[in-house]
Amino acid sequence: MSLLDIENLSVCVSQEGVETPLVNGISYSVDRGETLALVGESGSGKSVSSLAVMGLLAKALRVTSGSIRFDGQDLLALDDEGMRKIRGRDISMVFQEPMTSLNPLRSIGAQIMESIEENLGLSRADARARAVSLLQEVGVADAERRLKQYPHHFSGGMRQRVMIAIALAADPKLIIADEPTTALDVTIQAQILDLMARICRDHGTALILITHNLGIVARYADRVNVMYGGRIVETGRARDIYAAPRHPYTEGLLQSVPRLDQDRSVPLKPIRGNPADPFTTIAGCRFHPRCPYAQAICRQTPPPFEGGVACHFPLETDQKEAV
Ligand code: SF4
């Protein structure tokens, strides 16, 4: 049994009595200690599906089908108190902008210790010692002194290190990191991702890394789920997808971002058009208005999900000609 098993999960938004799917029948699992990347543009459903796992969906959203099992427990059957115990203790989250997650009026130490005391029930002195050790582990020098400082004393990268320390406070089994480096410059991005990968490896913690940038995750993830229009359109081992994407959307994502292994003189190629609007009906494959390989059947019939890819004409090793 995997640590996390999601089966046929759908999440809808309700507006004026009409329910529109934002996540549409996705299934995936995460093993203990594994890093899974959920990749896609904004609106692909990656964050909404993860908020469903955390039991943190906004009021207008609800799970309309499927199941979420974590460590053998049915999360959708838990009440608010049951989910509150799971959050922080067993599953924790790191968000994109640490400034909105940290309380600007409370010291860093108070915020880390609060999480430790609440989830582990340690004494004040033990919680403080653990907070110092966590700050040291995430690479914050002079941790004793820094504990007394406030978020505005820290740079963006340092604040994200503090958020990782808070996420680690109770030694969770799973961390969900939602665009954890998007607000940071490229050099700091790499440092934070390296740090998260090392810490998860050392602690045996599973990691779901949510990002729009397929170029940077391939190096850190074991497996990748590529999401588009609320569905998983391609799944596989990170290195396979990176080397030979099979879905045209995955290929587009890779061509549109800088890759660490790519010649810098190769120009980036953005995906044409805009991401699918969940409130607009698109017949057939939801990617067809943007797909350079679309054919007549793509405009009429949704592609089945077979062999890890949802496409009528998956890319083979010999790339096909764009039409
Ligand atoms: Fe492109 Fe057709 Fe595949 Fe959709 S099904 S991604 S439109 S080739």
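Surrounded by fewer than 21 Cβ atoms within 10 Å (Cβ to Cβ), free of Cβ contacts under 8 Å to residues at least 24 places away in the same chain, out of contact with any Pro (no Cβ under 9 Å at 6 or more places or on another chain) and not in a loop (DSSP other than H, G, I, E, B) - does that describe any residue in segment 47-55?
yes
Name every residue in segment 179-233 that is aliphatic (A, V, I, L, M), touching a Ser or Thr at 6+ places or on another chain (Cβ under 7 Å) and part of a loop (DSSP other than H, G, I, E, B), in order of residue number.
Within segment 179-233, Ala221 is the sole residue that qualifies.
What pairs come out if I take residues in segment 297-310 that are over 13 Å from Ile282 (Cβ atoms) and near the ligand (Cβ under 8 Å from one of its atoms) and pair them with residues that are among the small types (Gly, Ala, Ser) and in a loop (DSSP other than H, G, I, E, B) whose C-beta lies under 9 Å away, six or more apart or interchain?
Partner pairs satisfying both residue conditions: Ile297/Gly284.
Of all residues in segment 96-131, which are surrounded by 14 or more Cβ atoms within 10 Å (Cβ to Cβ) and not in a helix (DSSP H, G or I)?
Passing the criteria: Gln96, Glu97, Leu102, Ser107, Leu122.
So the check is Cβ under 6 Å with 6+ separation or different chains; which pairs have a first residue in segment 236-259 that's among the β-branched types (Val, Ile, Thr) and a second one that's at pLDDT 95 or above?
Listed pairs, sorted by first residue: Ile241/Val224; Thr250/Val226; Thr250/Glu234.
Listed here are the residues, each with its yes/no results for (1) modelled with pLDDT of 95 or more; (2) within 15 Å of the ligand (Cβ to nearest atom).
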{"residue": "Tyr220", "(1), (2)": "no, no"}
{"residue": "Val226", "(1), (2)": "yes, yes"}
{"residue": "Pro248", "(1), (2)": "yes, yes"}
{"residue": "Leu253", "(1), (2)": "no, yes"}
{"residue": "Gly273", "(1), (2)": "no, yes"}
{"residue": "Glu316", "(1), (2)": "no, yes"}
{"residue": "Ala322", "(1), (2)": "no, yes"}
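Every residue, every condition in (1) under 16 Å from the mean Cα position of the chain (by Cα); (2) in contact (Cβ under 8 Å) with a residue 24 or more places away in the chain, yes or no:
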residue	(1), (2)
Arg69	no, yes
Leu78	no, no
Arg89	no, yes
Phe95	yes, yes
Asn103	no, yes
Ile108	no, yes
Ile112	no, yes
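The values are calculated or read from the model by the stated rules, or taken from the named source; none is laboratory data. None of the values given here were measured: they were computed from a predicted structure. Please note: Cβ atoms are built from the backbone with ideal geometry, for glycine as well, and neighbour counts cover all protein chains shown.
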